[in-house]
Structure formats: C-alpha cells, structure tokens
Ligand SMILES: Cc1cc2nc3c(=O)[nH]c(=O)nc-3n(C[C@H](O)[C@H](O)[C@H](O)COP(=O)(O)OP(=O)(O)OC[C@H]3O[C@@H](n4cnc5c(N)ncnc54)[C@H](O)[C@@H]3O)c2cc1C
C-alpha cells in the first residue's frame, strides 16, 4: 500500500500502475474496496483547504474524516446537513458509496457535494462542479471508486445548530404502520431500531433541531412508546457509553446526528451489515414483508435500523429522483448464515424495487441492479470515458457494474 502525500504523488502513482484501488477508511462491508494488486491511501491528506462563509462551502482533502471535519466546522460557526451513524468514515469514501443518515428532508451525504477534484486513469487532474458540469457531475459524485482518485471535495455547509436527542422504547408495530409519516416527521432525523420480535420497534430515536419551527416536545408516551429514562445503545444489551448523548441534553449537531461517539469503537465492533433502499411509497409494505421473515432473520441479527432519505439527482444514488426508506441489518459475524438469508430478503423486497447499499453485503445480481438504476448505461459509459482500460476496476465492479 502506498501512502500519497500530495496531488503530484497521486498522479505519479496512478500513471505508473495499471491496476489500483483507493482506500478510504475501509468501513465498507463488501469487496468494493478490495484488490489483489496495488492500494493507494490518501489518509495523510486530511486538511481543510478553504472555508467560504459567503458561498457556504468547505473544501477539503479527500483523506479527511467527518470526525476531523465536524468539530472544525462547528468551532467556526458552521455545520453539515446530516451525518451517518458514525463519524469515523472518510468523506470521499462515504460520498462515493452514497452513504446516508436519516430525515425526511435530508438527502444522503453525497447530495451536498458541490465540487470534486479527481485524478483520472491517465493521471490528468479533473475539476468537476455542480454549477459547471451538469450531468457529468451527477454521474461522478456517487462514483463507486470506478472513475478515478478523488483528491478534493467541496461540500455545502450551513450555520451551526444545536440539537436534542430523545429515545423511546417499545413502539407497537401497528402504531408504526398506522402513523409512519407522522412518526418520521416528528424529528429532523428519525431512526427506528427493531429485532423484529414481539411486533414492536425496540427503540425510536428522535433527533430534533433546537432552531426548528417543528421542534420536538418530548412527552412521556409517544404513539404508545415510552420515553427512555437513561441513555441507550441501539442494541439494548450493549453499554450506551459508545453512544451520543440522549435524554434531551442539548448539544451541537456533530455530537447528536451520529449515534456513535468519535473516539470509541463503532457499533458492535464484530458484525456484518446489509441495507436495502425502498421507494418511500412502499415503506409500510416493505417493512411488513421483512417482519414476516422474522424467524429466519432473528437468529443471525444484532439489530435492524429503519431510516428515511430525501431524493437527489446523483445517477448511482439509490435515492436518484425518489425519496426512500432504508431497512438495514446489523448481522452477527456469520457470513455463511447471512449469505443464505440475503437472497430470501431480496426476493421479498423485489416487488418494491429495492436496491442495496453499495458499501454493504448483498447478493442481488447485476441484471437486477441494472434494471433498477435508470442511469446505469450512462454511468458505465462515464466509467469507460474516465478509465478506458479498467485501471480502477476490481471484482466488485466487474461483477456488479460491468458484467465481465
Ligand atoms: C459501524 C459502521 C456503521 C456504518 N453506518 C453507516 C450509516 O449510518 N450509513 C451509511 O450509509 N453507511 C454506513 N456504513 C457504511 C460505510 O460507512 C460507508 O459505505 C463508508 O462510509 C465508506 O467509506 P470509507 O472511507 O470507509 O470507504 P472504503 O470502504 O475505504 O472504500 C469504499 C469505496 O470508496 C472508494 N474510495 C474511497 N476513497 C476514495 C477516494 N479518495 N477516491 C476514489 N475512491 C475512493 C474505494 O475505492 C471503494 O471503492 C457504516 C459502516 C460501519 C463499519
């Protein structure tokens, strides 16, 4: 593995190698970042390049993580619109895989990328922006590591804001299905955690902005769920020490939007993950379809999380021009069992045109992926234009995108 220290280093390495893969923070659960050949790391390129308070943008080097960027933004009076469940991940890796948080009005993390600098297969440096490059830009942001080495990213920012987080326990499933829209709209970002047992959502996490007109007033009972009286982990048996502050304690956006704190091991540690995006209008039917599989799923499951995401215009984003609900599975670390479970879940979710998270485990064949992404052929053409000899291709891309 080669660690690039500068843009020139990246260009030289790309020119000198016929096959390579860029590594972010290696948080993907499938083989999207794998190669038996050369790895390029941008980890040491982790500085902010420019904060533009007028344009409301921040430009950073591609090795930077959200955990590094967020405190800097907050200290300077700014914020991002949303974050994933953990801040440990690289911004370039997260955006290229369409990583998301939750919230009816919040697009995924890639949706606030306004410009990219990329080194393509020839070693050429390409500047792409939302303003100047229209459809090419929309094709490049969720690039799945197939287009080149992202060296700089510009993100939209906004004035900093404070939040409160409340957790409720035991939301009856029938309350969820009857009041899904109201529950999802109750906070700026809402997450539902369930083990699919006892026809209930084990924990409902509501993250509310204190500056919002729709600020959440926490009542002791909410749609039959009970307000928690101590901090909880999404997997109730685990210590909440790893989790961000709850019980309505005010805090900055960067310490409330992620579920997990920066300095501790994320989530359960030893686990596998899968996640499926379903168009929002099918939310209830899709949730009930998975609920029917509870006896098959539960023995292998640590927890499921359900979130909502706004639509965007990024070709390979699962939320391309449609708002989605995601059904996520944190699995025990038993790949043979998970590998058997996934096709059954995928079959049940197929009528709803479900698409898998690009960075998590799935078994859906290319044919199905291709038919569910309207811009799939255009994306393949863009890959062939930027990388005509397949320098950045690996077996994940060959299997799922190129079909070779
Ligand atoms: C505990 C845990 C919790 C998670 N929670 C969430 C969540 O809440 N929401 C969610 O959507 N996902 C979540 N994920 C999935 C995961 O975080 C994302 O898909 C991830 O952010 C990928 O970023 P990375 O830097 O780790 O990428 P890597 O895994 O290192 O690489 C992924 C892809 O990005 C490419 N890449 C990385 N950097 C560059 C670059 N500079 N230029 C070009 N290509 C690049 C790689 O080549 C590869 O193709 C979670 C993962 C874990 C482990």
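Quick notes on this one:
- Flag if residue 243 is without any contact (Cβ under 8 Å) to a residue 40 or more places away in the chain and either within 19 Å of the chain's Cα centre (by Cα) or surrounded by 13 or more Cβ atoms within 10 Å (Cβ to Cβ) (or both): yes
- Residue in the range 128-141 that is out of contact with any helix residue (DSSP H, G or I) (no Cβ under 7 Å at 6 or more places or on another chain), away from the ligand (no atom under 11 Å from the Cβ) and either at positive phi or not in a helix (DSSP H, G or I) (or both) present: yes
- The condition of being more than 18 Å from the chain's Cα centre (by Cα), within 9 Å of the ligand (Cβ to nearest atom) and buried (at least 19 other Cβ atoms within 10 Å of the Cβ) holds for only one of 42, 73, 60, 23, that being 42.
- Search result, residues across the range 335-363 that are in contact with a helix residue (DSSP H, G or I) (Cβ under 7 Å, 6 or more places away or on another chain), touching a residue at least 40 places away in the same chain (Cβ under 8 Å) and either more than 16 Å from the ligand (Cβ to nearest atom) or not in a loop (DSSP other than H, G, I, E, B) (or both): 338, 341, 344, 345, 348, 349, 352, 353, 355
- Scope the range 111-127; condition within 14 Å of the ligand (Cβ to nearest atom), over 19 Å from residue 49 (Cα atoms) and either without any contact (Cβ under 8 Å) to a residue 12 or more places away in the chain or touching a helix residue (DSSP H, G or I) at 6+ places or on another chain (Cβ under 6 Å) (or both); matching residues: 120
- Those residues of the range 277-292 which are under 20 Å from residue 197 (Cβ atoms) and buried (at least 20 other Cβ atoms within 10 Å of the Cβ), in sequence order: 286, 287, 289, 290
- Answer residue from the range 270-299, given it is part of a loop (DSSP other than H, G, I, E, B) and at pLDDT 95 or above and is farthest from the ligand (Cβ to nearest atom) among those: 292
- When the residues of the range 1-20 are filtered to those that are closer than 11 Å to residue 391 by Cα and surrounded by 15 or more Cβ atoms within 10 Å (Cβ to Cβ), the one that is nearest to the chain's Cα centre (by Cα) is 20.
- Single residue of the range 76-90 satisfying the filter (near the ligand (Cβ under 8 Å from one of its atoms) and more than 14 Å from residue 207 (Cβ to Cβ)) that is modelled with the highest pLDDT: 90
- Criterion (more than 13 Å from the ligand (Cβ to nearest atom) and either at negative phi or assigned to a helix (DSSP H, G or I) (or both)) met by exactly one of 314, 302: 314
The values are calculated or read from the model by the stated rules, or taken from the named source; none is laboratory data. Source: prediction; values computed, not measured. Positions of Cβ are backbone-derived with ideal geometry, glycine not excepted, and every protein chain shown enters the neighbour counts.
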